[in-house]
Structure formats: C-alpha cells, structure tokens
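Take a look at the structure set out below.
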Amino acid sequence: MMRIIDGMKEKAVYLGNQKMELTDKLAETELAAALEQKQIQIDKLMDRVEEFTKKNVEFTNLTSLLKQKETEFEEKNRSITNQALAQSKTNDKSELESFSDGNESKGRDELP
C-alpha cells in the first residue's frame with residue numbers, strides 16, 4: 001500500500017511540475033501573442049506617421065506654391081492697375097488737348 005501511495009505522490013509531483021511548465025508555456029505564448037499584436041499596432045502607427053509626413057510635405061509645398069501664385073497675382077494686378085491709370089491719364093490729356101484746340105479755333109473764328 002505504501003508503494004501505491006509513494007507512486008501516487010510521485011505522480012502528483014510529476015503532474016504538478018508538468019502543470020507549472022504548461023502554465024509557463026501558456027504565459028509565454030500569451031505574451032508572444034500580445035507582443036505580436038503590439039508590433040502590428042506599432043507598424044500601423046508607423047505607416048500612419050509616414051503617410052502624415054508625406055501629406056505634411058505635400059501641404060507645405062502646396063502652401064508655398066499658393067503664396068508664390070498670390071504674389072504673382074498681386075504683381076500682375078498692380079501692373080494692370082498701373083497700366084490702366086497710365087492709359088487713363090493719357091486719354092484725359094488727349095481729351096484736354098483736343099478740347100482746348102477746338103475752343104481756340106472757335107474763338108479765332110469768332111474774332112473779327
């Protein structure tokens with residue numbers, strides 16, 4: 001009977017050890033799975049960072065281009081305005097000269 005009890009004790013110790021090993025393996029497996037999930041999340045975040053960086057560079061380039069185009073527009077607008085003013089002054093001067101020329105000849109014709 002003692003032999004049976006000793007055999008059962010040995011088997012209980014063996015099974016306890018096996019249980020601890022399996023528990024450790026399970027914990028390692030769960031940890032590995034959790035680490036793999038975290039790595040997947042990190043990879044996704046890194047992809048988003050890369051995408052954000054590309055879009056940020058694109059946005060910066062577009063902003064710079066927009067500022068350049070606004071400057072060009074303002075310069076052309078000033079040029080057109082200046083040309084229109086110059087043309088207007090030329091037209092006003094011509095009208096004044098033709099008006100005064102017309103009045104001078106009328107005045108001479110009327111004089112005796």
Subset of the range 68-95 (residues that are acidic (Asp, Glu) and at pLDDT 90 or above): GLU70, GLU72, GLU74, GLU75
Subset of the range 1-29 (residues that are surrounded by fewer than 10 Cβ atoms within 10 Å (Cβ to Cβ) and either in a helix (DSSP H, G or I) or under 55 Å from the mean Cα position of the chain (by Cα) (or both)): MET2, ARG3, ILE4, ILE5
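The values are calculated or read from the model by the stated rules, or taken from the named source; none is laboratory data. As the structure is a computational prediction, the values presented were derived from the model and not from experiment. Here the Cβ is made from the backbone with ideal geometry for all residues, glycine too, and neighbour counts use every protein chain on show.
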